[in-house]
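I have placed the structure first, in the form of structure tokens, so that the comments after it can refer back to it.
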Amino acid sequence: MKSTVPKIVPRSEHRISRGQIAPAALTVLYTLKRNRYLAFLAGGSVRDLLIGRKPKDFDVVTDATPERVKKLFRRCRLVGRRFRLCHVLFANDLIEVATFRSSFVPDVGETAVAAADAEVAGVKRSGKLPRVMAREGMIVRDNEYGTPAEDAVRRDFTINALFYDIRDFSVIDHVGGLDDLRRGIIRSIGDPHIRFVEDPVRMLRAVRFAALLGFDIDPACRSAIQCHHQRLAMANSHRLYDEWLKVTGSGALTDMGNALLEAELLCVILPDFARWLTAAKDGRRRRFVMACRRLDEWRRRNNAPVPSDLMFAIMMGEYFEELIAAKTAQGMPWFPAALQTVGKTLAPDALPMTVPRSVSQNVARLMAVQNRFRPEYRGGHHRRFREQTVFAPALEVFRFLCEAGKRPPEWLNAWDDAGSRDALTSGRETPKTRSRRRPRRRRPRGKKTAPVA
């Protein structure tokens, strides 16, 4: 996309106020301005402020290089390999500062896509494109600096390429993002076939923004997602996991669940689970949507992102239990079967994203203790099980399985009634404290007391 004359909206014609911007972001903007650098608020924060949403974070772009930014702020660190960024640390906030980068399109039309497809098929290319390693056409290094217009063009979607200028409080639009924001459209900057090849995670971001904001995805983007959805497996595994957490923790997972299935992106992120989900018409997909709704309700109820282990256990709990039951039918006890099943399903070689080992271990534990909710296990260990830290999240998983029809509802009622009785009992009775016996003082060895005359 060629850069054009930007559209500048003065302060009197938009709704953004400095009172809505985090004080830490204002400090960064004004510090850069005092040192005669350009400094803009950019990205999702400008988009959210314009439509009346509260931004999750505030990002700043400037013409100062990362090294110069680091000299201006005492608590600043440089991060990133593909994109060199500055993280400016405050007491309770972190502001990400990036330098304007030049726009880059590796080729024109379908040439780059065809070349990348040839690489995927195993055909070796003789040369390398600038700033692109010969790896499926993706940009893996990009530290060439440019102008604000070039930086806007190299962003993913038009609604994310808006700038807020701290000098005169105006909004700057280089790519038509204001019109798309007004019409509610997720549109790629440039040819989406090329942009999704450069960065496959953009496909997942398109679905997330559409569900989160209630927007429609541009038909050209939809077509590109259908063509290149398998490329999502080529993205950086850690970055893909971070984006997946944004999807599941956004509060709009109910809409995203269906969208991910329709776009076939879930088949890439969780391949075995997605195949199981669509293999039979026994209500699995309906219960998957119920699980997504339950996770959204948990987030709204607790006003916090859903823990990763609880997210996997609720979303994939029915699938895990079916695999565990197959192992127990062969004679393996439930507990080791659950640990083995979850560990194998969420292993790095089974997924394109890297799930931390601590998360997979917690998921395995949540599934392993599900057998303890059965009526035959409610004996003398009942109270001790309730006191364990795993009980509360495990009960959330068990409650969903009961509501989804995978457990008899009376099992849940029994545990809730027992919990109420335990709470009343603990409130009525105070535990008896044993009197501590004073230890006997021992005489030193070798010393004898003289007889009393």
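Key figures for this structure:
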read-out: Hits in the stretch 260-272 (condition: surrounded by fewer than 19 Cβ atoms within 10 Å (Cβ to Cβ) and either in a helix (DSSP H, G or I) or of a type in the set (A, V, I, L, M) (or both)); value: Leu261, Glu262, Pro271, Asp272
read-out: Number of the exception - Arg202 against (1) in a helix (DSSP H, G or I); (2) closer than 17 Å to Asp48 by Cβ; value: (2)
read-out: Matching residues, the stretch 335-356, being surrounded by 15 or more Cβ atoms within 10 Å (Cβ to Cβ) and under 22 Å from the mean Cα position of the chain (by Cα); value: Val342, Gly343, Thr345, Leu346, Leu351, Pro352, Met353, Thr354, Val355
read-out: Ala220 being out of contact with any Leu (no Cβ under 9 Å at 6 or more places or on another chain), of a type outside the set (S, T, N, Q), part of a helix (DSSP H, G or I) and not assigned by TED's automatic domain parsing to the domain that holds Arg155; value: yes
read-out: Entirely in the stretch 1-86, the helices (runs of 4 or more DSSP H) that have 2 or more residues that are free of Cβ contacts under 8 Å to residues at least 12 places away in the same chain, touching a strand residue (DSSP E or B) at 6+ places or on another chain (Cβ under 8 Å) and loosely packed, with under 15 Cβ neighbours inside 10 Å; value: none
read-out: Candidate set: the stretch 162-176, residues that are β-branched (Val, Ile, Thr) and not in a loop (DSSP other than H, G, I, E, B); chosen: the one surrounded by the most Cβ atoms within 10 Å (Cβ to Cβ); value: Val171
read-out: Candidates Ala325, Ala350, Ala368, filtered to the one that is assigned to a helix (DSSP H, G or I) and in contact (Cβ under 8 Å) with a residue 12 or more places away in the chain; value: Ala368
read-out: Check on Met332, of a type outside the set (S, T, N, Q), surrounded by 20 or more Cβ atoms within 10 Å (Cβ to Cβ) and outside the structural domain of Asp272 (by TED's automatic domain parsing); value: no
read-out: Test result for Thr254, outside any loop (DSSP other than H, G, I, E, B), hydroxyl-bearing (Ser, Thr, Tyr), more than 19 Å from the chain's Cα centre (by Cα) and under 23 Å from Lys406 (Cα atoms); value: no
read-out: Single residue of Trp244, Trp276, Trp298 found to be in a helix (DSSP H, G or I), in the same structural domain as Cys221 (by TED's automatic domain parsing) and more than 19 Å from Leu204 (Cβ to Cβ); value: Trp276
read-out: Hey, Phe288 of a type in the set (A, V, I, L, M, F, W, C) and over 27 Å from Asp180 (Cα atoms) or not; value: yes
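Let's see how each residue does on (1) at pLDDT below 95; (2) farther than 27 Å from Gly251 by Cβ:
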| residue | (1), (2) |
| --- | --- |
| Leu49 | no, no |
| Pro55 | yes, no |
| Thr65 | yes, yes |
| Lys71 | yes, yes |
| Arg74 | yes, yes |
| Arg84 | yes, yes |
| Leu94 | yes, no |
| Phe100 | yes, yes |
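The values are calculated or read from the model by the stated rules, or taken from the named source; none is laboratory data. Predicted model, so just to flag it, every value in this text is computed and none were measured. All Cβ positions, glycine included, derive from the backbone under ideal geometry; neighbour counts span all protein chains shown.
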